[in-house]
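Engineer: Following this message is one structure expressed as structure tokens.
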Amino acid sequence: MEEIVKKEGVLGLESPEQERMNLYSSLDWKDYKSQLRNRVRSQDLHKYFHLTESEKLGIQDTIRLNVGATPYYLSLSDPNDENCPIRKIIVPRQEEAFFSPEEAMDPLHEEDLSPVKGLTHMYPDRVLLFSNHECSVYCRHCMRGRKVSDSSERMESEDLERCFEYIRDHSEISDVVISGGDPLNLSDAKLDWILENLERIPHIKICRLGTRNPVTLPMRITDELCKIIESHNTDRLSIFCNTQFNHEKECTTEAKEAILKLLKAGVSIGNQSVILKGINDDGESMLRLHRKLLEMRIRAYYMYDPELIPGSRGFRTPLAKGIQIIEYMRGKIAGMGIPQFVNDLPGGGGKITLSPNWYLGFHRDSRNHVFRSAVRGTYHLSPEPVGSEYDDFYPSLDLETWEKIRENLYSVTRGLRLEEEGF
């Protein structure tokens with residue numbers, strides 16, 4: 001019997017829980033290079049999860065990017081629960097096998113806005129530098145899946161030199177977002193070289209590192225890396241970091257330690273979450289996440305509407321969801337914990353922000369703006385300044401709404417009825 005048990009183990013017939021223990025014990029857990037060498041690939045997923053039929057089809061037929069997950073990030077997932085939010089980010093599902101009519105490989109037209117390989121120039125004063133095609137985890141919702149995990153998209157030093165040359169030749173550019181892939185998957189030396197080149201360009205004042213490694217590989221944030229970043233975070237170049245936590249399960253002790261190291265290197269950190277169906281697409285989930293982020297000293301930045309990328313129907317949510325989430329969060333957490341809800345417009349239109357309709361309109365007879373309170377749901381007046389020439393700029397409050405709420409309006413004279421104020 002003992003020989004049969006050993007044989008089954010060799011054949012990979014142990015439980016996902018046991019297979020995970022075997023994996024975790026086989027590497028140096030705190031060494032990020034060991035984590036990367038032992039990333040879980042598509043052919044390994046059956047060992048670490050009790051896969052559903054949808055997942056099996058997704059793994060077999062996905063039209064998205066390759067599968068890859070660090071043992072650390074795998075450890076945050078549930079091998080038995082198909083609705084585990086981290087599992088959904090790691091494991092492809094059947095929806096990934098379909099290229100729907102509304103989807104496109106490059107919905108934001110980044111390639112059309114690329115003057116040289118690896119550089120997107122959408123906004124006049126800033127560019128996005130695609131520094132690296134690799135990530136520690138290949139998230140199934142990745143908006144740049146056409147490039148990420150594809151070795152043909154590798155950025156060689158010559159490619160990066162051409163990017164630097166373009167930036168040097170365009171003095172209107174003051175802000176460079178280093179993205180990918182994940183720039184922190186580059187070697188320390190390569191990242192040092194990139195930052196040094198940017199710091200030497202006089203008109204570059206801002207550098208933003210777009211990285212998910214604090215979430216997926218927090219041990220990558222080493223003391224050595226932080227020293228390199230700090231050495232370039234000078235009066236000539238201000239370095240920021242935008243990361244992407246999407247669920248409270250990602251807010252671990254290890255992640256917080258990584259964030260604190262970056263903060264001590266003088267790097268301001270913001271979070272860009274993505275609304276993902278069945279993962280965080282409700283107000284309470286986003287509220288819990290952003291409360292955790294504030295505890296970690298991360299400020300909310302953006303909350304993205306999912307992009308129209310191939311195989312993404314399983315993640316996309318109605319536009320109204322984002323507005324409802326922001327409405328739910330307002331009044332329950334400090335403003336620095338509430339992200340801007342953003343739609344990155346298909347066709348290269350850039351980002352726009354969307355929010356609940358707190359502003360009902362302008363009552364022209366009394367020259368008052370009418371607002372709905374996010375905290376209490378009550379209605380409030382705020383007068384337009386005397387002598388203002390902007391009355392025609394504001395949308396008029398419709399008469400029906402005015403008649404419905406006029407008896408319950410609040411103004412600076414708290415709680416007085418409209419008639420008592422002479423309206």
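The values are calculated or read from the model by the stated rules, or taken from the named source; none is laboratory data. Please read all numbers here as calculations on a predicted model, not as lab measurements. Neighbour counts run over all protein chains shown; Cβ positions are idealised from the backbone, glycine included.
Engineer: Say whether the condition of being closer than 21 Å to Arg208 by Cβ and touching a helix residue (DSSP H, G or I) at 6+ places or on another chain (Cβ under 7 Å) is met by at least one residue in segment 161-173.
Structural biologist: yes
Engineer: Only one of these is part of a loop (DSSP other than H, G, I, E, B) and either in contact with a Gly (Cβ under 8 Å, 6 or more places away or on another chain) or free of Cβ contacts under 8 Å to residues at least 24 places away in the same chain (or both): Val148, Val177. Name it.
Structural biologist: Only one candidate qualifies: Val148.
Engineer: Do we have Leu198 as buried (at least 16 other Cβ atoms within 10 Å of the Cβ), within 26 Å of Tyr138 (Cβ to Cβ), outside the structural domain of Leu65 (by TED's automatic domain parsing) and not hydroxyl-bearing (Ser, Thr, Tyr) here?
Structural biologist: No; evaluated as a whole, the condition is false for this residue.
Engineer: Right, something else. Would you mind stating whether Cys135 is crowded, with 22+ Cβ neighbours inside 10 Å, assigned to a helix (DSSP H, G or I) and at pLDDT 95 or above?
Structural biologist: The answer is no for Cys135.
Engineer: Next up: So Ser187 fits all but one of (1) surrounded by fewer than 16 Cβ atoms within 10 Å (Cβ to Cβ); (2) in contact with a strand residue (DSSP E or B) (Cβ under 6 Å, 6 or more places away or on another chain); what number is the exception?
Structural biologist: Checking Ser187 against (1) surrounded by fewer than 16 Cβ atoms within 10 Å (Cβ to Cβ); (2) in contact with a strand residue (DSSP E or B) (Cβ under 6 Å, 6 or more places away or on another chain), the one that fails is (2).
Engineer: Here's something else I'd like to know. Tyr328 is checked against (1) in a helix (DSSP H, G or I); (2) surrounded by 22 or more Cβ atoms within 10 Å (Cβ to Cβ); (3) of a type outside the set (Val, Ile, Thr); (4) touching a helix residue (DSSP H, G or I) at 6+ places or on another chain (Cβ under 6 Å) and fails just one. What number does that condition carry?
Structural biologist: (2)
Engineer: A further question follows. Could we say that Leu23 is part of a loop (DSSP other than H, G, I, E, B) and crowded, with 16+ Cβ neighbours inside 10 Å here?
Structural biologist: no
Engineer: Which condition number does Trp193 fail, the rest of (1) of a type in the set (A, V, I, L, M, F, W, C); (2) part of a loop (DSSP other than H, G, I, E, B); (3) at pLDDT 95 or above being met?
Structural biologist: All conditions pass for Trp193, except number (2).
Engineer: How many of the residues in segment 42-85 are surrounded by fewer than 19 Cβ atoms within 10 Å (Cβ to Cβ), of a type outside the set (S, T, N, Q) and farther than 17 Å from Glu17 by Cα?
Structural biologist: Number of matching residues: 5.
Engineer: With the structure loaded, tell me whether Arg316 is part of a loop (DSSP other than H, G, I, E, B), of a type outside the set (Ser, Thr, Tyr) and more than 20 Å from Asn213 (Cα to Cα) or whether it fails that test.
Structural biologist: For Arg316, the condition - part of a loop (DSSP other than H, G, I, E, B), of a type outside the set (Ser, Thr, Tyr) and more than 20 Å from Asn213 (Cα to Cα) - is met.
Engineer: Something else now. When you look at Leu289, is it more than 19 Å from the chain's Cα centre (by Cα) and either free of Cβ contacts under 8 Å to residues at least 60 places away in the same chain or over 21 Å from Leu76 (Cβ atoms) (or both), yes or no?
Structural biologist: no
Engineer: Separate question: Only one of these is surrounded by fewer than 20 Cβ atoms within 10 Å (Cβ to Cβ), assigned to a loop (DSSP other than H, G, I, E, B) and at positive phi: Gly361, Gly311, Gly347. Name it.
Structural biologist: Of the residues listed, the single one that is surrounded by fewer than 20 Cβ atoms within 10 Å (Cβ to Cβ), assigned to a loop (DSSP other than H, G, I, E, B) and at positive phi is Gly347.
Engineer: I've got another one for you. Determine whether Ile221 is buried (at least 21 other Cβ atoms within 10 Å of the Cβ) and out of contact with any strand residue (DSSP E or B) (no Cβ under 8 Å at 6 or more places or on another chain).
Structural biologist: Yes, satisfied.
Engineer: Provide a single number: the residues in segment 230-247 that are under 17 Å from the mean Cα position of the chain (by Cα) and either aromatic (Phe, Trp, Tyr) or surrounded by fewer than 18 Cβ atoms within 10 Å (Cβ to Cβ) (or both).
Structural biologist: The number of residues fulfilling the criteria is 2.
Engineer: Only one of Glu103, Glu172, Glu158 is without any contact (Cβ under 8 Å) to a residue 12 or more places away in the chain, more than 24 Å from Thr222 (Cβ to Cβ) and either charged (D, E, K, R) or surrounded by fewer than 23 Cβ atoms within 10 Å (Cβ to Cβ) (or both). Can you tell me which?
Structural biologist: From the options Glu103, Glu172, Glu158, the qualifying one is Glu158.
Engineer: Which one is surrounded by the most Cβ atoms within 10 Å (Cβ to Cβ), of the residues in segment 331-344 that are out of contact with any helix residue (DSSP H, G or I) (no Cβ under 6 Å at 6 or more places or on another chain), among the aliphatic types (A, V, I, L, M) and not in a strand (DSSP E or B)?
Structural biologist: In this case the residue turns out to be Met336.
Engineer: Answer yes or no as to whether Arg406 is modelled with pLDDT under 95, out of contact with any helix residue (DSSP H, G or I) (no Cβ under 8 Å at 6 or more places or on another chain) and either hydroxyl-bearing (Ser, Thr, Tyr) or not in a strand (DSSP E or B) (or both).
Structural biologist: When the stated conditions are applied, Arg406 passes them.
Engineer: Which of the residues belonging to segment 111-132 are in contact with a strand residue (DSSP E or B) (Cβ under 8 Å, 6 or more places away or on another chain), buried (at least 21 other Cβ atoms within 10 Å of the Cβ) and in a loop (DSSP other than H, G, I, E, B)?
Structural biologist: Gly118, Ser131
Engineer: Something else: Considering every residue within segment 376-397, establish whether at least one is acidic (Asp, Glu), out of contact with any His (no Cβ under 6 Å at 6 or more places or on another chain), in a helix (DSSP H, G or I) and exposed (fewer than 14 other Cβ atoms within 10 Å of the Cβ).
Structural biologist: Within segment 376-397, one or more residues are acidic (Asp, Glu), out of contact with any His (no Cβ under 6 Å at 6 or more places or on another chain), in a helix (DSSP H, G or I) and exposed (fewer than 14 other Cβ atoms within 10 Å of the Cβ).
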